[in-house]
Amino acid sequence: MLAGGAGRRVGNRDKGTLPWRGRPMATHCVERMAPQVKELYISCNRSQAFYNQFDCALISDERVDFQGPLAGVEAMAGHCKTEFLFLAPCDTPQLPLDLAQRLLTALQHNPGANISYARTAQREHYLCALVRGSCLATVSDFLDTGERAVRLWYGQQGAVSVDFSDTAEAFININTMTDVMVTAE
C-alpha cells in the first residue's frame, strides 16, 4: 500500500491516518488488500507507529522530500521477492476485493505487458496496479531522469488498462480535506 505522500492537499497530514467512516483510511485499504496478497508492504515516510498496528513490513522512500508514488515503488522494489507487486493508494478505502485477480488476468492475457492498472469510464487509476517484479529495476533510472509521472513510466513498461467501470464507486479517492469531511459519515 502506498502511504508515503506529503499530503499537501490535506494540510500536510498523512492521508492513511485520516478518518473515513469512523476509522482511518489505511485500515479500510489494508482490510481490502490483505486477502488479495501473500505479504503486505506499506510504503510510509512517517506515522510508523500508526502503521505498525498492521503487522506488516514498513518501507520508507530512499529519496528525500516526498518524490511521489514511484519513490514508494522504488523503495518496495528491493523487498519484492514475488513475481508481482500489487499497488494501491491509502486514500482509496473501497478497493474492489477482486482487484488483484482482475489485474493479474489482464497480464496473463497480455504477455508483453509488465503492468496492468485500473480504469473507469471517468478516469485512469494508475496507482491501483499490478506490476511485474522483473520491471521494477527500471524505476530508479526513470526517477533519476527527474521524471515523476507514473503514467510515463507505465508507458515505458507496456502497461495495459483494465476496465472497472462496473465497480467505479470502489475507486473513490479521498484527496482533500473537503473529501474527508464529506465522506466521514
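All of (1) open to solvent by 20 Å² or more (accessible area, probe 1.4 Å); (2) over 13 Å from the mean Cα position of the chain (by Cα); (3) under 21 Å from Gly158 (Cα atoms); (4) of a type outside the set (Val, Ile, Thr) hold for Leu97 with one exception: (3). Candidates are the residues of the range 1-25 that are in a strand (DSSP E or B) and at pLDDT 80 or above; the one that is most open to solvent (accessible area, probe 1.4 Å) is Arg23.
So the check is Cβ under 7 Å with 6+ separation or different chains; which pairs have a first residue in the range 120-140 that's over 19 Å from Cys80 (Cα atoms) and at pLDDT below 95 and a second one that's of a type outside the set (Gly, Ala, Ser) and open to solvent by 70 Å² or more (accessible area, probe 1.4 Å)? Close Cβ pairs (under 7 Å, with a partner that is of a type outside the set (Gly, Ala, Ser) and open to solvent by 70 Å² or more (accessible area, probe 1.4 Å)) do not exist here. Looking at Lys81 and the list (1) at pLDDT below 95; (2) buried (at least 16 other Cβ atoms within 10 Å of the Cβ), which single condition is not satisfied? Of the numbered conditions (1) at pLDDT below 95; (2) buried (at least 16 other Cβ atoms within 10 Å of the Cβ), the odd one out for Lys81 is (2). Evaluated against (1) touching a Pro at 6+ places or on another chain (Cβ under 9 Å); (2) open to solvent by less than 10 Å² (accessible area, probe 1.4 Å), Thr92 falls short on exactly one condition, (1).
The values are calculated or read from the model by the stated rules, or taken from the named source; none is laboratory data. Since we're looking at a predicted model, the values are computed, not measured. Every residue, glycine as well, gets a Cβ built from its backbone with ideal geometry; the counts of neighbours run over all protein chains shown. Heads up: the accessible areas ignore ligands, DNA and RNA and are worked out on the full protein's heavy atoms, side chains in. Shrake-Rupley method; radii C 1.70, N 1.55, O 1.52, S 1.80 Å.
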